[in-house]
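Q: So that we are looking at the same thing, I have put the structure below in structure tokens.
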């Protein structure tokens, strides 16, 4: 797992597993947002399995998938809500971290 800071309160990573969540919590993250649609790859854990494990550790989790159409206006609004409503610091993840970075960058003009 490669945690890459984007800001002091938001970092990104490639795909995580339920087993990674203890280390994510130990790194100080209080919430996670998945930007990967379920079923994108056969070996990908479902968001629900990640969410259940995260909540068991006291980490809030939300699913804002960014699929083949790219970052949509609706996804950006959902991400702004997540940033406003969820505890920080937050970890966004997808397959590589690129979508999690892109959607965060799209929220900048709406958060100021």
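Just so you know, all these numbers are worked out from the coordinates, no wet-lab data involved. Note that the structure is a prediction, hence the values are computed from the model and not measured. Cβ atoms come from the backbone with ideal geometry, glycine included; neighbour counts cover every protein chain shown.
Q: Compute and list, largest first, the equivalent-ellipsoid semi-axes of region 4-111 from the alpha carbon gyration tensor, each √(5λ) rounded to a whole angstrom.
A: Largest first, region 4-111 gives 19, 17, 12 Å.
Q: Rounded if a/c is under 1.5, else prolate if a/b is larger than b/c, else oblate: which is region 73-112, with a ≥ b ≥ c the root eigenvalues of its Cα gyration tensor? Could you put the intermediate results ahead of the total?
A: Details: a/c = 1.82, a/b = 1.22, b/c = 1.49.
Taking the square roots of the gyration eigenvalues as a ≥ b ≥ c, region 73-112 is oblate.
Q: Cα extents of region 4-56 along the three principal axes, largest first, in whole Å?
A: Projected onto its principal axes, the Cα set of region 4-56 covers 33, 23, 13 Å.
Q: Sequence gap at least 6, Cα distance under 8 Å: using those rules, report the relative contact order of the chain to the nearest whole percent.
A: Working: 178 pairs, mean separation 41.8, N = 112.
Relative contact order comes out at 37 percent.
Q: Could I ask something else about it? How do the peptides 68-80, 38-50, 91-103, 3-15 rank, highest first, by the average count of neighbouring beta carbon atoms within 10 Å per residue?
A: Order by mean packing, descending: 91-103, 3-15, 68-80, 38-50.
Q: With an 8 Å Cα cut-off and a minimum separation of 6 or more residues, compute the relative contact order for region 52-112 in percent.
A: That works out to 32 percent.
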